[in-house]
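Heads up: the structure comes next, in structure tokens.
The values are calculated or read from the model by the stated rules, or taken from the named source; none is laboratory data. Quick caveat, the model's predicted, so the values are computed rather than measured. Ideal geometry is used to build each Cβ from the backbone, glycine not excepted, and the neighbour counts take in all protein chains shown.
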Ligand code: XMP
């Protein structure tokens with residue numbers, strides 16, 4: 001299929017009209033490539049896979065089979081949004097797999113960050129491959145590869161993050177309809193395809209999800225505290241005009257407790273660390289100046305609403321020396 005590389009003279013997609021022209025062109029190319037065969041897609045809910053899903057639903061409808069694996073490390077409301085947008089609104093052929101217990105059981109007691117990453121990545125492929133084996137007649141695998149992924153893998157910076165990984169007997173032909181686009185173009189195309197703003201303009205979220213924000217061995221209670229405090233932070237940033245302005249913001253719940261007081265009694269509980277940073281390339285980052293009144297409000301809400309938390313801290317560390325994530 002054509003369009004393997006971004007043409008040197010390709011006009012940057014900046015308008016709905018340019019996005020629509022790209023969508024029409026890709027729909028024709030996908031139809032030509034796939035014919036009446038079936039295509040499989042791992043739909044994480046992230047920008048790239050969501051845009052690929054929306055585009056392929058337009059091109060081939062129910063011939064696309066989307067698999068959403070919930071590894072239990074997603075943010076509050078994310079699996080629900082994937083189901084609402086793709087199954088309910090776009091009528092996608094969507095398989096939802098709740099693999100939370102499987103992932104958390106495998107991760108129990110594992111403290112080393114890279115081992116945690118490997119378990120999450122490996123288990124993800126396993127669950128996805130199991131679902132794929134249950135399906136008949138799949139010949140294609142769709143992926144949300146984008147142009148910077150291809151450039152980075154060519155320059156040896158990182159392995160092409162999507163390609164490969166599946167067991168060798170699963171020999172699918174790839175369908176990669178956004179592989180010549182830059183990230184900003186993917187978002188404009190996604191918007192034109194009717195995806196909601198909070199999906200298209202969402203902040204970066206790591207593959208291992210909340211797992212790297214629950215440092216050390218992941219426990220369900222701490223993971224819940226991360227998820228609930230993150231939801232409060234996101235809600236307050238949206239209400240206070242910081243959503244879309246701050247590059248990345250989240251909470252971390254480290255593996256230690258400190259003494260506090262709740263309802264007049266000693267409360268030996270977790271603390272929540274808030275991180276909010278700005279960057280252009282994630283290689284270095286500066287810390288957002290959160291208004292003090294908002295900070296006080298966040299402390300008030302998190303200590304009252306999140307179970308098992310009695311203290312809130314703000315991380316003032318730029319990158320370097322601190323990385324953005326804690327693991
Ligand atoms: P660090 O922590 O290295 O993060 O300063 C830089 C950016 O990369 C994201 N990040 C990840 N993304 N898988 C991902 O898909 C990962 O394992 C991972 N680790 C960090 C991080 O969220 C930040 O945007």
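Assorted remarks:
- Residue 254 meets the conditions (1) within 16 Å of the ligand (Cβ to nearest atom); (2) within 13 Å of residue 313 (Cβ to Cβ); (3) not in a loop (DSSP other than H, G, I, E, B) in every case but one. The failed one is (3).
- Members of the stretch 280-327 that are part of a strand (DSSP E or B) and either out of contact with any strand residue (DSSP E or B) (no Cβ under 7 Å at 6 or more places or on another chain) or under 16 Å from residue 247 (Cα atoms) (or both): 285, 286, 287, 319
- Among (1) within 14 Å of the ligand (Cβ to nearest atom); (2) over 13 Å from residue 325 (Cα atoms) - the single one residue 220 does not satisfy: (1)
- Among the residues listed as 267, 231, 276, the single one being at pLDDT 95 or above, part of a helix (DSSP H, G or I) and either away from the ligand (no atom under 16 Å from the Cβ) or within 22 Å of the chain's Cα centre (by Cα) (or both): 231
- Once the stretch 206-217 is narrowed to residues that are within 14 Å of the ligand (Cβ to nearest atom) and outside any helix (DSSP H, G or I), the residue that is nearest to residue 277 (Cα to Cα) is 206.
For (1) surrounded by fewer than 14 Cβ atoms within 10 Å (Cβ to Cβ); (2) away from the ligand (no atom under 16 Å from the Cβ); (3) assigned to a helix (DSSP H, G or I), each residue gets a yes or a no:
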site: 149; (1), (2), (3): no, no, yes
site: 171; (1), (2), (3): yes, yes, no
site: 178; (1), (2), (3): no, yes, no
site: 188; (1), (2), (3): no, yes, yes
site: 202; (1), (2), (3): no, no, no
site: 226; (1), (2), (3): no, no, yes
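- Among the conditions (1) touching a strand residue (DSSP E or B) at 6+ places or on another chain (Cβ under 8 Å); (2) modelled with pLDDT of 95 or more; (3) closer than 26 Å to residue 55 by Cβ, residue 189 misses just one, which is (1).
- For the stretch 271-301, a residue qualifies if it is more than 19 Å from residue 203 (Cβ to Cβ) and crowded, with 18+ Cβ neighbours inside 10 Å, and exactly one does: 271.
- Failed item, numbered, when residue 133 is tested on (1) free of Cβ contacts under 8 Å to residues at least 40 places away in the same chain; (2) within 16 Å of the ligand (Cβ to nearest atom): (2)
- Look at the stretch 52-78: where a residue is outside any helix (DSSP H, G or I), no partner that is modelled with pLDDT under 95 sits 6+ places away or on another chain with Cβ atoms under 6 Å.
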